[in-house]
1. Tally Lys and Arg at +1 and Asp and Glu at -1 over the other residues with C-beta under 14 Å from the C-beta of P145: what net charge comes out?
2. Where does the chain land on Rg/Rh, using Cα atoms and the Kirkwood Rh?
3. Can you return the lysines within cross-link range of K20? Criterion is Cα-Cα under 23 Å, with same-chain partners fewer than 8 residues away left out.
4. Give the relative contact order (percent, whole number) for segment 96-251; include only Cα pairs under 8 Å separated by 6+ residues.
5. Show the residues, 5+ positions off or on another chain, whose built amide H is closer than 5 Å to the amide H of R224.
6. In Å³ and rounded to a whole number, note down the convex hull volume per residue for the Cα atoms of segment 9-72.
7. Report the net charge of residues surrounding T104, where surrounding means a beta-carbon distance below 13 angstrom and charges are Lys +1, Arg +1, Asp -1, Glu -1.
8. Using amide H atoms built in the peptide plane, which far-off residues or other-chain residues are under 5 Å from V12 H to H?
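Just so you know, all these numbers are worked out from the coordinates, no wet-lab data involved. These numbers were taken from a predicted model, which means no experiment stands behind them. Heads up, the Cβs are rebuilt from the backbone with ideal geometry, glycines too, and the neighbour counts pull from every protein chain shown.
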Amino acid sequence: MDMAISSVATQVVSVAGLSKHFQAHQVLSDVHLSVAAGERVVVCGPSGSGKSTLARCISGLESYGSGTVTVNGIAISPRMRHTELIQANVGMVFQQFNLFPHLTVLENCTLAQRWVRRRSRDEARLTALEYLAKVRLAEKASAYPAQLSGGQQQRVAIARALCLNPSLMLFDEATSALDPEMVKEVLETMILLAQDGMTMICITHEMGFARAVADKVVFMDEGRIVQAAPPDEFFGSNADPRVRRFLSKVF
Ligand SMILES: Nc1ncnc2c1ncn2[C@@H]1O[C@H](COP(=O)(O)OP(=O)(O)OP(=O)(O)O)[C@@H](O)[C@H]1O
Ligand SMILES: [Mg+2]
C-alpha cells in the first residue's frame with residue numbers, strides 16, 4: 001500500500017489512451033506517456049505528427065476526445081478550475097517568447113507571480129531576481145525585451161516560467177526561432193535546469209541535446225508514439241525504421 005502511494009507520488013505526468021481529432025482528422029491516437037519526477041523526456045517527430053497538440057493537452061490549453069491526462073495527480077482539461085491549474089503548475093516555453101514589450105524584464109517575471117500566486121511586490125521581485133540570476137540575466141532586469149537578443153529573450157521566458165515554481169517544464173521548440181549562435185545559450189540553460197533535477201518535456205530536434213540530457217526519447221508519427229526509449233537504444237541500430245529515416249534527415 002505504501003509503495004503504491006509513493007509510486008503515484010513520484011509520477012508527475014500521466015497520459016493514458018489520449019486521442020484527439022480536429023473534424024475528420026485524427027491528430028492524436030491512443031497516446032500513452034508517463035514522466036516521473038526529475039525525468040527528462042525529449043519528444044521529436046515529423047511536422048504535423050501531433051507533438052504540440054500533445055504538449056497543449058498536458059498544459060490544459062487543448063481539449064481532447066478521449067483518454068486521461070494528469071499532472072501531479074490532477075486531471076488536466078481546459079475546463080479545470082483556476083486552483084487546480086495552479087496546483088498542476090506546468091511551465092511552458094514556446095518558440096515565440098511572448099514577453100510583454102512594454103514591461104521590463106523584471107516586470108515580465110513578476111506579473112504572473114503577483115496575479116496568479118498573489119505574492120507581494122517584494123517577494124515577487126526577489127523570486128524574479130533569483131531566477132534571472134539562474135539564467136544569467138540579472139543585469140538585464142530593468143531592460144525592455146526589444147533591447148535583448150533572441151536568446152536572451154528566451155532565457156527571460158524560461159525565468160518567467162520558473163518564477164511560478166512549476167512541477168514540470170514543457171519546452172515546445174524553444175530554440176527553433178533562434179539564430180544558430182543563440183541556440184547554444186538557451187540549450188545550456190535547459191541543461192542547467194536538467195542538472196538541477198527539473199522534470200522536463202522538451203519537444204526539440206536538437207538530437208545532441210537529446211543524447212546528452214534525455215532519460216527517454218519519444219518519437220511521434222501521425223499522432224502516435226512510435227518509439228519511446230532511452231537515448232542509447234533510440235539512437236542505436238535497432239531503432240524503428242521510421243525513427244532511423246527521421247534521424248537521417250535531421251542529422
Ligand atoms: N486548431 C487546429 N485545427 C485543425 N487542425 C489542427 C489544429 N491544430 C493542429 N492541427 C493539425 O493537427 C496536426 C498536428 O499538429 P501539431 O501542431 O500538434 O504538430 P507538430 O508535431 O507540433 O508539428 P510541427 O513540428 O510542425 O510543430 C497537424 O496536422 C495540424 O494541421
Ligand atoms: Mg509543433
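1. Net of charged neighbours comes to +2.
2. Answer for the chain: 0.97.
3. Once the sequence-local lysines are set aside, what remains near K20 is K51.
4. 18
5. Close amide H contacts, sequence-distant or interchain: S29.
6. 78
7. Numbers: positive: R125, K140, R160; negative: E107, E139.
Value of the local net charge: +1.
8. Residues meeting the criterion, in which the H sits 1.01 Å from N, are V35, A36, A37.
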